[in-house]
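The values are calculated or read from the model by the stated rules, or taken from the named source; none is laboratory data. Note that the structure is a prediction, hence the values are computed from the model and not measured. When we count neighbours, we look across all protein chains shown, and the Cβ atoms used for this are built from the backbone with ideal geometry, even at glycine. Each accessible area value is taken on the protein alone, full model and side chains, heavy atoms only, with ligands, DNA and RNA left out. Shrake-Rupley method; radii C 1.70, N 1.55, O 1.52, S 1.80 Å.
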Amino acid sequence: MVAISKCTSCPKGYLCPGFGRVDPAICPPGFVCSKDTLKAPTHRCPAGFYCPNGTLTVDPFRNDTFLRPYPCMPGTYCLTGVGFSDPVVGDFTHAQFCTEGFFCESASASPRGNGLCPRGFVCPLGTAVPIPASKGAYAELQGTIQEAKCLPGYYSPTIESIVCMPCPPGTACEDDVCLLLISAVLVRIEVQSR
């Protein structure tokens, strides 16, 4: 500053690289500047969290400041050094979508998040919570990305099915319902006999 006798120390959340600075530079996204008089950031943002510019603590649970790491959104994951919550595929300064076949709850630190999609559920790209297989479909294996429809002659009357069941003898399956063929035949015989 003009006409001061002593330089001001660079505050937390800022950097002062080089010489002759008039203003400090704000700590860049994805980094933490937790001390005074820094020339470079002290830490990268912790995995599972993103750090906007000016972050001054690595503790995401510190409530006395809003300049702290924030958990990555459900359906995404964050490696160390992430500065932005919006997913941009291939740009690892941004959060990334959870891998197909897996699901990621809030603050996931890995592309595999909280693990494989359970049987009876499907997990497409960016899944936060496993999605139940619908009626008339099934998801037999862990890590299923897309449900499979039941084949003709088979049905699945509930959600979250892991297999389709064969239609019982004397029935036919249309969509997810078994129709009793015998009752239709009996009705015809009764009508013809009148």
Criterion: open to solvent by less than 50 Å² (accessible area, probe 1.4 Å) and at pLDDT 95 or above - qualifying residue of Gly153, Gly136, Gly120, Gly170:
Gly120
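Among the residues of the stretch 29-36, are any closer than 23 Å to Ser110 by Cα and among the small types (Gly, Ala, Ser)?
Looking for residues that are closer than 23 Å to Ser110 by Cα and among the small types (Gly, Ala, Ser), one finds at least one in the stretch 29-36, hence yes.
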Answer yes or no: is there a residue in the stretch 72-90 that is open to solvent by 60 Å² or more (accessible area, probe 1.4 Å), in a loop (DSSP other than H, G, I, E, B) and over 30 Å from Phe102 (Cα atoms).
no
Among residues of the stretch 139-150, those that are touching a residue at least 40 places away in the same chain (Cβ under 8 Å) and crowded, with 18+ Cβ neighbours inside 10 Å, counted:
2
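To keep it simple, each residue is scored yes or no on (1) aliphatic (A, V, I, L, M); (2) modelled with pLDDT of 90 or more; (3) within 23 Å of Leu125 (Cβ to Cβ).
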| position | (1), (2), (3) |
| --- | --- |
| Ile26 | yes, yes, no |
| Pro29 | no, yes, no |
| Ser34 | no, yes, no |
| Cys72 | no, yes, yes |
| Pro87 | no, yes, yes |
Taking the stretch 8-51 on its own, how many of its residues are under 11 Å from Leu67 (Cα atoms) and either without any contact (Cβ under 8 Å) to a residue 12 or more places away in the chain or open to solvent by less than 40 Å² (accessible area, probe 1.4 Å) (or both)?
6
